[in-house]
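Visitor: My structure is below; once you've seen it, I'll send some questions.
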Amino acid sequence: MSDSPLSVDAALASLLAAAAPISDHETCPAEAALGRVLAIPLVAEVTVPPLDNAAMDGYALRFADWSDATGVPAWLPISQRIPAGTLGSELVPGTAARIFTGAAVPPGVDCVVMQEDCEAYDGKVRLTATPKAGSHIRRAGEDIRAGQTVLEAGTRLGPAQLGVAASVGATELGVVRRLKAAVFFTGDEIVLPGQPLAPGRIYNSNRATLIALLTQMGIEVIDLGQVPDRLEATIATLERAAQAADVVITSGGVSVGEEDHVKAAVEQLGRLSMWKVAMKPGKPLVYGRVGNADFLGLPGNPVSAFVVFCLFVRPFLLRRMGAESQPAAAFTVPAGFDWPGIGKSAGKRREFLRARLEDGWAMLYPNQGSGVLTSLAWADGLVDIEAGASVMNGDSVRFIPLSELLK
């Protein structure tokens, strides 16, 4: 293993190459499948919509009947009323049908005119605007045809995907089993919220952040708590975690300090593949294998842990879950700042700066320290600056919305 830092792109490629998708799957009620990954393609057994239907409340008629021979709008008798959920009879030529949104269009109709463009009186209707043949009619099968694959295996099921499943009548879905992630945290200086805060101690924010990130992804979390900064304790907890989960994730202890024991524990129990990335925040990142489990070690600083999770761990976990993770969408915006600032030189590592958009401009949080967690609560994205690059106010910069990194 080289001691030279990997680039961000090389580190991500290495992680994704090592991510083996889960093969086990199970049947899940559709209503409980939010966030799950589809293991079996969903094939429609019905056509959607099943019949031509009205896209508006209004009147259904034959286009040829809308005016008399001189082109003056004709008064057409209203021959039937068709609410949604009912079937009308074939339209009598020279008449119109009162129809409502979603109702099946009867035979003989070739346009629906919305009620705002009609004038009804004494059982008759005439148009106040020129209709178009085929207007406001949803055609049978224009969304889905019976026999069509509507959701491919590997699809992560969000609200829209579950809506599609419901539209074809699916009540159960074949999904990949939930990924299990065991987490533990090192550092004698950290205590859990609710415990006395002795001098020299700080509250453990990484536990809350990491568990929330994993839970949001639909991953089953096994929380093994806090581990003393002792090699023996770290080894014992790591061994237990690897036996219980598909992936083990830690925070802290992955650097090279005398009290950083996680890296040594992984090397003793398994193998280590990579541990430094040329980025800021978040230089230390450990990937390895312990038994049958993947191991991912995050930095201890809270901002570093969050950014490393979003950029590396989340895509890795999505692939382990059987979903194809697409690169986070980014766009170019003008910088409302100078970087690195007067009297400072550009950094040698790729930097991800906490920022938010104000009137379309990227504005930086004033303190970019890796321990300033409030910067993430304030930000709505990251500005991505390549190693060695400088930015002047008004320059174009690459902005990655946090929503893209957390979806």
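Just so it is clear, none of the values below were taken in a lab; they were calculated from the coordinates. Keep in mind it's a predicted model, so treat the numbers as computed, not measured. Glycine gets a Cβ as well: all are built from the backbone with ideal geometry, and neighbour counts include every protein chain shown.
Visitor: How much length is gained if the chain between Asn393 and Glu31 is pulled fully straight, taking 0.36 nm per residue apart and subtracting their Cα-Cα distance, in nm to one decimal?
Guide: 125.4 nm
Visitor: Taking 25 Å as R0, compute the FRET efficiency from the Cβ-Cβ separation of Glu172 and Ala10 and round it to 0.05. Write down the numbers at each step before the final one.
Guide: On the way: r = 42 Å, r/R0 = 1.66.
After rounding to 0.05, the efficiency reads 0.05.
Visitor: How much length is gained if the chain between Ser345 and Lys124 is pulled fully straight, taking 0.36 nm per residue apart and subtracting their Cα-Cα distance, in nm to one decimal? Don't skip to the answer; put the middle values down first.
Guide: Numbers: separation 221, 0.36 × 221 = 79.56 nm, distance 7.97 nm.
Here the segment from Ser345 to Lys124 would lengthen by 71.6 nm.
Visitor: For Cα extents along the principal axes in Å, which listed value, (i) 78, 57, 36; (ii) 60, 57, 55; (iii) 95, 53, 42, comes from the coordinates shown?
Guide: The value computed from this structure is option (iii).
Visitor: Pairs of Cα atoms under 8 Å, at least six residues apart: use those to get the relative contact order of the range 331-406, whole percent.
Guide: 43 percent
Visitor: Strictly over 24 Å apart at the Cα level, which of Lys180/Lys407; Lys276/Lys348; Lys180/Lys283; Lys263/Lys407 would you flag in this model?
Guide: Lys180/Lys283; Lys263/Lys407
Visitor: Between Glu324 and Ser23, what is the spin-label point distance in nm, taking each point 7 Å from the Cα along the Cα→C-beta axis?
Guide: 2.1 nm
Visitor: Multiplying the sequence separation of Thr332 and Glu232 by 0.36 nm and subtracting their Cα-Cα distance, what value in nm do you get?
Guide: Details: separation 100, 0.36 × 100 = 36.00 nm, distance 4.86 nm.
Net length gain for the segment: 31.1 nm.
Visitor: List the relative contact order of the chain as a percent without decimals, with contacts defined as Cα pairs under 8 Å and 6+ residues apart. Please list the in-between numbers first.
Guide: Values: 907 pairs, mean separation 64.5, N = 407.
Relative contact order here is 16 percent.
Visitor: Could you give the angle, 0 to 90 degrees to the nearest 10, between helix 205-216's Cα long axis and the longest principal axis of the Cα atoms of the chain?
Guide: 30 degrees
Visitor: Can I ask one more? Which order results if Ser67, Ser396, Ser375 are arranged by neighbouring Cβ count within 10 Å, fewest first? Don't jump to the answer; show the numbers that get you there.
Guide: Working: Ser67 15, Ser396 11, Ser375 22.
Exposure proxy ranking, most exposed first: Ser396, Ser67, Ser375.
Visitor: If you take the square roots of the eigenvalues of the alpha-carbon gyration tensor of the range 53-138 and sort them as a ≥ b ≥ c, do you get rounded (a/c under 1.5), prolate (a/b over b/c) or oblate? Before the final figure, lay out each step's value.
Guide: Numbers: a/c = 1.57, a/b = 1.48, b/c = 1.06.
It is prolate, given that a/c is not under 1.5 and a/b is the larger ratio.
Visitor: Taking the mean number of other Cβ atoms within 10 Å as a proxy for protection, how do you rank 272-282, 329-339 from highest to lowest?
Guide: Final packing ranking: 272-282, 329-339.
Visitor: Residue by residue through the range 297-304, what is 3J(HN,Hα) from phi via Karplus (6.51 cos²θ - 1.76 cosθ + 1.60, θ = phi - 60°)? Round to whole Hz and write x for glycine and proline.
Guide: Computed from phi, the couplings for the range 297-304 are x, 9, x, x, 5, x, 5, 4 Hz.
Visitor: Where does each of 301-314, 47-60, 146-159 land if you order them by average Cβ count within 10 Å, highest first? Spell out each step's value before the answer.
Guide: On the way: 301-314: 23.9, 47-60: 19.4, 146-159: 15.6.
The packing order, highest mean first, is 301-314, 47-60, 146-159.
Visitor: Then there is this: How big is the charge dipole of the range 53-138 about its Cα centre, in debye rounded to the nearest 20, if each Lys and Arg gets +1 on its Cβ and each Asp and Glu gets -1 on its Cβ? Can you show the working numbers first?
Guide: Details: 7 positive and 9 negative charges, 32 e Å.
Result for the range 53-138 is approximately 160 debye, rounded to the nearest 20.
Visitor: Cross-link candidates for Lys124: which lysines have Cα within less than 27 Å, leaving aside residues fewer than 8 places away along the same chain?
Guide: Lys132
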